Each structure stands twice: as structure tokens, then as C-alpha cells.
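Contents: one structure, followed by commentary.
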2 protein chains.
Amino acid sequence: MEKKFLLILFLGIIAPVFLGAQSTKAEEEEAFFVKKIYDEALTHSQAYPWLNHLCRRIGGRLSGTPQAAAAVEYTRQMLDTLGLDSVWLQPVMVPHWDRGEPEQVRIVNSRQVGSIDLKALSLGNSIGTGPQGLTAPVVEVKSLDDVDRLGESLAGKIVFYNRPLDPTQLNTFSAYGGAVDQRGAGAARAAKYGAVGVLVRSMTTRNDDVPHTGGTSYSPDAPPIPALAISTNDANLLSRVLQNETVEVFIRNTSRMLAEELSYNVIGEIRGSTKPGEIIVVGGHLDSWDVGQGAHDDGAGCVQSMEVLRSLKALNYRPQRTIRCVLFMNEENGLRGGRAYAQNAAAQKEKHLAAIESDRGGFTPRGFSADGDPATFEKRYRKVTQWLPLLEPYGLSFSIGGGGADISPLKPQGTMLFGFIPDSQRYFDYHHTAIDTIEAVNERELNLGAATMTALVYLLDKYGL
Amino acid sequence: MEKKFLLILFLGIIAPVFLGAQSTKAEEEEAFFVKKIYDEALTHSQAYPWLNHLCRRIGGRLSGTPQAAAAVEYTRQMLDTLGLDSVWLQPVMVPHWDRGEPEQVRIVNSRQVGSIDLKALSLGNSIGTGPQGLTAPVVEVKSLDDVDRLGESLAGKIVFYNRPLDPTQLNTFSAYGGAVDQRGAGAARAAKYGAVGVLVRSMTTRNDDVPHTGGTSYSPDAPPIPALAISTNDANLLSRVLQNETVEVFIRNTSRMLAEELSYNVIGEIRGSTKPGEIIVVGGHLDSWDVGQGAHDDGAGCVQSMEVLRSLKALNYRPQRTIRCVLFMNEENGLRGGRAYAQNAAAQKEKHLAAIESDRGGFTPRGFSADGDPATFEKRYRKVTQWLPLLEPYGLSFSIGGGGADISPLKPQGTMLFGFIPDSQRYFDYHHTAIDTIEAVNERELNLGAATMTALVYLLDKYGL
């Protein structure tokens, strides 16, 4: 390549960032410190060993279970090793749902396929069928609106929600968002018309044999009915069968809600040197579903948030503001931890400048979504996007969108919310399944996420909002 | 968020691309067609089923083996199903290296660890030790320069190259590029001073038990000596042992070079309607190493290139220029296919406008590197970067850098070369190993890569260079 062209490139693209009129020594130092953050995460991160313990030694950490309690204790101990200014547990009462015995879902006496078992998981919060199970004719629908149209004709039936995720959505979270009403609200809607149970196509873009659990919500207006997810391959099978005949399905699950349990958000902080009253939160949720190991959802977000504090300490960074890692309890089936945290913050009159949540898996970082109080959001968003020259070399950008479920209750307090956005392609292969295990997590991708979160925390601390 | 701010965002970011003064109906149609390309790949791609066959039914496809021949036949048959204008095989003689019996590498009688087997693979093209194996003292070095400094003192020794990949390189190909001279040239350099064998730390950022093979080259100035890779965990172990004592290592491998074999590049094309003499190549390499299944390296690049043609046909796109898919033979240990293709193109006086190679794995797309004749590169690069508004919504950018080994012999013919650049974080977990299998490939990521290559082919065809 011609040297002249290289020079043009340099002057046109690189120089304005680090040299030239707009650049200062301070900016060069910032770029250098951001590089140090990434170097530290790629050489000394503890995120993967911590995640390995959470996944292999503890496993799935559903709220109210002994595993969730073990995860609270383990992460508290690990935060205690980091030389933070404070580590504490914030009590919160959580629901305790129990899956019960392995689920049975069976097409009964089909002319086409005979009797055949389907791969199924009860949806979180679902009631059980009772020990005898239940058998009923199945009606396939594609939407809640379909259910409203079919109305009373669904009495005594099992409603089968089978609208797939849209595979043409580049961002799989958009595809998920376009389908998940079936899982979250499908049981309540069908129950309104007298349906006796629901089956829901698993929330994934893949066609495979892995059922995906996840929360469902009942309505006070209708009785709870059993709700189960079936794998996408089995949803396709059931749909094909239904094209040619009416079939009955047998369902048996023994899921039930137990008494609430005392649990905790796990919190550690580095106290700010000059503005300790301005708090920057970085967090994920420590609970997971009971199947699998909750590796990407959301062990990854927890260990990344812990790693933010570890690396700031390792780099001898003294923050002006208070940097707080919060591992929220009960995101999956209640959001009790996120709500309790925000309530407590309000009661204590704490000022939360910003909160960053990582709850989209431990994949290669792409940037952050941002959300906040409309009164200040424009100005603040413009400010953070001025930091892009420091972040773009790491493949990062900002977009406008929700920050995350656990930190969302802080929004009314004027907190700027950031959602860490990694590459989304693989997330819904694993989400809420038995295969969300440590093997699905790449150590470098996980660590790059931690570094990315640390970089934003550093800039928020240095410049405020 | 305030509506006003949304409007500002729209006017500032989105509108200039698709509306406003610079935008035209043609540009809107282009954006629409690029979207159709992605939709097609995300709904009807054959890339993954094809890759599944290459990986599970055929497996590792080292040049000269029956598996390589089966891959030629299979991909030819699949191209024949696409309704192309021509499908043909381009003969090329290839080396045929044989790994022989499972390798043995053993630390012998260490005071610290006793005798212990290390996980090892002969490097490609390596000679064998003979059936008795060989035992010699080991000397650890970090570079070819170290070897030059140690000089004649290495006579009769086994040289152990142990400089790790730099984990702080964000792009793992940069880390690989900074270490791979040890594998490629280490044996020749050590042999110059009378060393009897070399061990090379595997080319990966991970610490694990998986040895990575890959080509080594001998020099006419020194006798060939056996060269093997050991896993990074075992390299760390051997290095620790060597800190406290001199140890001998036993090596036994029966690798050897056999007679050359006739093989083929597999080629299919859609003939251009108005400019058939201007050829746009899209390709990968059909051979792989013998261990594993050559899934990411480079089955992925092959099936993506085939998918480019399939999807253009499925979308009823009639190219102006000739679009040619080339599956190159023998990239791994000879580059005979790439060289033969370019020689033939020159002999036939074909004009290759551009060539795109996919040989960095089937991961989420990030963009393309570009390279070409210095006399025209500036102008052409400026032209392709004008297409960025169409590609940036898919997370893509252009950078300056090599296009790929197989297409590099076309550069002197004035061809613009593009390397497809996917996310690099996981590639060297699998590269040249027994774990480069179909399970390591995500179907959506693979298909997004195919769509990305198709989009560039479309723009090159529409606008030329």
C-alpha cells in the first residue's frame, strides 16, 4: 500500500482521536487506562474460575433453594477476598417454586404417530396437574388474539401456543420479545376461557430437542392452569399431527409454589474518595432457573460485575464516586431483589448516578443500551456518546433501550440505566435450559465483557453525568 | 423518551442514509435487497446441512486422502443441484502427508514429575522419528532469535518453543501472527544448529489439553527433523519442570510424506448477463487437517461460499458479472489449489475483478479486510467504503489487510481481495484440533456470514470497482 494513503488514513481516522487539535494529554491517558483495563481482564480475570464454581459446584440457583443460598454465601466470600470497603447481604423475601417430578407430556393415540412423549418443562410458577395428570384435546394457536377469538370454544381444552421466534430479526432479543407474550401471559389468557392447560413452543430460534422454561404469570381473573414448554422440534411435530386430526395430549407435572424464603442481594463496594454519595451500580442476577447451571443467565453477569471491582482494585484505581457491585436475587420469578434494592435506596436517600446490568450472556461485547429519566436523558446520552472514541476501538457502541430488569426500579430515582449488550446470536440456544452450562461460555468473551463494563464504570466515575 | 429527541436521532443518524438529499429510490431498493439477502440466509440457508455432511459423514479432509476426494465429489454434487451455469473440477497435484501412528511425547525420569506423557500432535509435513523414537535433552526457547543465540549448543537437543500467544491482543489473529513463526519456521531454524527435534507450544490463547497441529516448513539448508505441537497445559508443565532440572524427552512419531496425488478445486458459477468477462470469486478451502472435522477451518468458508450462489439463485438475482464459487484444495500444507487457480486464470486471460475468501471461521460477521494492487487500491477502497451505510446496520466495517491465502496469488493480476472477518474470540480454541467439529459451529452465526458475503458480492456486481 502506498505510504501516502496510509498517511491519509492516519490523519483522517486515527489522528483526530489521539492527536490533533481535539486531543489532549488527558485523552491519551484515558485511552491508555482503558487499554490497561482490557489487559488486566485478559490476563488476570477471576470471572471464569468464579463462574466455574457457581456452575459446577453449585449449579442451578432457583430462588428459595439451598443452591441459591450457597451462591449467596460463595459470592459474599469471594467479594470478601477483594479488599473492598464493605461487603454485605441485603435481606429479601423470595418466592420458592418447585418443579416437582420430571414432567410428562404425551400425544395420545394419534392415528399418525401413535402415542409419543414430548420433551417438556413446566413453566416457572406453574401449578401442577395433580398426581393423576390430565388428558384433553389440543387446540393450536399463534397468539393471545387467537385465544380471544376462539373464546369459550377452548373450555376443557389444552391450548398450544406455537408462534415461532422470527428468525429474520438480526437481534435475537427482538425475536424473543416478539414471541414471549405466549409464555408469560398465555396461561392466564387461556384460563379465562376455561382451558385446562397450555403448552408453549420453546423460546428459541433453533429447531432442537431442548425445552426452555421461564416464568409465566397468572391473572386474578381466572384460575391458574398448568403451563409447560415443549421443545421446538416437538412443537413442529405436534403442529404437523394437528393438521390432519384432532388429538389429545396427556400432561402430568407436580410443580407447586412453596412458602416464601428469606434470601439476599449480595453487595460489595469501593467507597468514593471525593463523591462517596454518588453511587454507580454494576450488577447481574444471582438466581437462575433450576435446570442447567445458569451459566449465561446470569452467572456470567454476576462474575463480570464482581470482576469490575476486582480489576479496579488490581489496577490501584481510586474512584471519586462509590462503585457498587450488586448481585440481585430473584430476577427470574419475582424481581424481588431488584425491587427491594431500589426501595432501600429510596428509603436511605441514596443517590444512584448510574446502574449497569449484564443479563444478556457472556458473549463478545458490542456496547450498551441506555435508558433514563426523560428530563435529563438527552443531555446525558449526548455526554456518554462523547466517550465513543475511547470505546469504538473495542467494537462498542451505544444505543437507546432498556437497561435490565433488576435495575429498572431505579429509573424513577433519576438513575441513568445501562444494559451491557454482547453479541446475541447464541443466547437463546441456552436461555432457561439444561444446556446453559459452563461449557457454553468462552472465557475470553466473558472477560472482554467484564472489561467493557469496567471501562464504562471508569468513565462514569471520572466524568459523572 | 421525549419525542423531540427521537426526532433528533432520526434526522441525525437514520435519515441521511435512507432519506434526505443524498438518498434515492435506488438506495432504498438496495437496502431492501440487502435485507432480503439476510432474510433468505436466516430462513432457507443450506450452509449448515452441507457443513454437517462434510463434518460428520466425511470428517477431516487432508489433501491427498480419500476424505478430501469425497469432499470434492460431495460439494460438486451439491453445486450441481443449484441450477448454476457451470460446475467443474480444476485438477491440481497435491502433497499427501500422513500422520502415522498416534504420537508419543514423554518427559523421562524427571525428579519432579517422574515419567509423564504429554498431549501431542505432529506438525503437518513433519518427518517421523523412525519406529524406535528418539530421546534427547530439552532446551526451552522463546523465539527463533533465542535459537540463533544458543547456536551450536543445541546440537543433539530437542528445542522447545514456548512463547505464548499474547492474550492482550483483542484480535486473536494478531496474537496468532505474533507466535506462529515458532511453528512454521522453528524446526528449520533448530535443525540448522544440529537439534534433533522440536516441540512447539500449541497456537491458542487457551490453557487446555488440546494440541494444535499446523504446517511446518523445512529449509534446504538443514536436514528435516521431527516437529510436534504439545498442548498449552503440557507446555506449561514442561516449562515448570525445566526451571529446576535438565530433563530428557522421548518422542515417537511415524509421520511421513507420501507420493503426490491428483485432486481438484471445485468450482461453480453463475455467468454474468452483461459483463460475463468480469469475474467475482467467493471461496474457502475444502481441505483441512486430518484431526477433527475441519468445521470452522474451513468447512464453514466452503459452505458459506456455496450458499452465496444458492441464495442469489433463490432470490432470482441475475448478476451482470460472473459470480464464481471456488473451493480451493490444499490451503493447509501447500496452497497448490490457490496457486493453480491463479495460474489458470492468467493463462486463460480471465479478468478477476474481486475475490472474497472466508477462512476465519463461521462466527458472527464483523466485516471485511481489503487488499489489492497499490496502483488502484486507494480509489477502490474509497468506493467500497461508500457502501458502508448499507452494511453498518449488520455490524460490518471495512479494514485494510490481507484477503486470505488461497486468493492471494490473484493479487498480481489486479484483483481486489477481500477477507471475510468474523468475530475472532473463539477461533483459536478450535483451529487445527480434534475439537474443530460441527458442534463448535452456531447455525445462525454461520448463516449471517454467508449473507454478509452475499451482500458484498451483490454490491461488487452492481457497481464494479
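FYI, it's all coordinate maths here, none of it is from the lab. The structure presented is a predicted model; accordingly, all values stated were derived computationally and were not measured. Counting neighbours? That spans all protein chains shown, and the Cβs are built from the backbone with ideal geometry, glycine included.
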Where does helix A:25-44 land angle-wise versus the long Cα axis of chain A, in degrees 0 to 90, nearest 10?
50
Assume the label is 7 Å from Cα along Cα to beta carbon: what separations in nm does A:D148 have to the matching positions in the other copies?
7.8
B:D181 paired with A:E392, simple spin-label distance in nm, labels 7 Å along Cα-to-beta-carbon
3.3
Compute the acute angle (0 to 90°) between the alpha-carbon long axis of helix A:181-192 and the principal axis of greatest extent of the alpha-carbon atoms of chain A; round to the nearest 10°.
30
Rounded to the nearest 10, the angle in degrees between the Cα long axis of helix A:300-314 and the longest principal axis of the Cα atoms of chain A comes to 20
Give me the distance between the Cα centres of segment B:279-351 and segment B:408-429, rounded to whole Å.
12
Report the relative contact order of segment B:100-254, percent, no decimals, based on alpha-carbon pairs under 8 angstrom and at least 6 residues apart.
38
Treating only the Cβ atoms of Lys and Arg (+1) and Asp and Glu (-1) as charged, compute the dipole magnitude of segment A:348-431 about its Cα centre; round to the nearest 20 debye.
320
Taking θ = phi - 60°, what integer Hz values does the Karplus form 6.51 cos²θ - 1.76 cosθ + 1.60 yield along segment A:386-397, in sequence order, with x for Gly and Pro?
5, 7, 4, x, 7, 9, 4, x, 9, x, 10, 8
Label 7 Å along Cα→Cβ of B:D39; segment A:166-198 residues with amide nitrogen under 17 Å?
A:166-171, A:175
With 0.36 nm assigned to each residue of separation and the Cα-Cα distance removed, B:E73 to B:I435 gains 127.9 nm
Quickly work out the B:K383-to-B:R149 label distance, labels modelled 7 Å from Cα along the C-beta direction, and quote it in nm with one decimal.
5.0
Taking every DSSP beta bridge with both residues inside chain A, roughly what % is antiparallel (nearest 5)?
55
Amide H to amide H under 5 Å from A:T204: which residues, 5+ apart in sequence or cross-chain, H placed 1.01 Å off N in plane?
A:L165
Between the alpha-carbon centers of segment B:380-401 and segment A:166-190, tell me the distance in whole angstrom.
33
Residue by residue through segment A:171-177, the couplings from Karplus 6.51 cos²θ - 1.76 cosθ + 1.60 with θ = phi - 60°, in Hz, x for Gly and Pro, are 8, 5, 5, 5, 4, 4, x
Dipole in debye (nearest 20) - segment B:100-254, about Cα centre, beta carbon charges: Lys, Arg +1; Asp, Glu -1:
80
Total charge dipole magnitude, segment A:160-236, about the Cα centre, Cβ charges on Lys, Arg, Asp, Glu only, Debye to nearest 20
140
Here the FRET efficiency for B:A375 versus B:Q243, based on Cβ atoms and R0 = 51 Å and rounded to 0.05, is 0.40
Can you give the longest run of chain A that contains no trypsin sites (Lys or Arg not before Pro) sitting in a DSSP loop with at most 12 other Cβ atoms inside 10 Å?
A:112-348
Loop sites only, by DSSP: take the GluC sites (Glu not before Pro) in chain A that have at most 14 other C-beta atoms within 10 Å and name the longest stretch containing none of them.
A:3-244
Express the relative contact order of chain B as a whole percentage, based on alpha carbon pairs under 8 Å and six or more residues apart in sequence.
20
For B:K25, label point 7 Å along C-beta direction: distances to other copies, nm:
6.0
Can you give the mean number of other chain Cβ atoms that lie within 10 Å of the Cβ atoms in peptide A:395-401?
2
Amide H proximity to A:S399 below 5 Å, modelled H, separation 5+ or other chain, gives A:F368, A:S369, A:A370
Counting sequence-distant residues (5 or more places) and residues on other chains, those with an amide H built under 5 Å from that of B:G128 are B:S255
If the label for B:G184 sits 7 angstrom from Cα along the Cα-to-Cβ line, what are its distances to the same label in every other copy, in nm to one decimal, shortest first?
5.2
Karplus-derived 3J(HN,Hα) from phi for segment B:102-119 (6.51 cos²θ - 1.76 cosθ + 1.60, θ = phi - 60°), whole Hz, x at Gly and Pro, runs x, 6, 10, 9, 9, 5, 10, 6, 6, 4, 8, 10, x, 9, 8, 7, 10, 6
Of the listed links A:K313/A:K349; A:K35/B:K142; A:K142/B:K36; A:K157/B:K36; A:K462/B:K142; A:K25/B:K379, those spanning more than 29 angstrom between alpha carbons are A:K157/B:K36; A:K462/B:K142; A:K25/B:K379
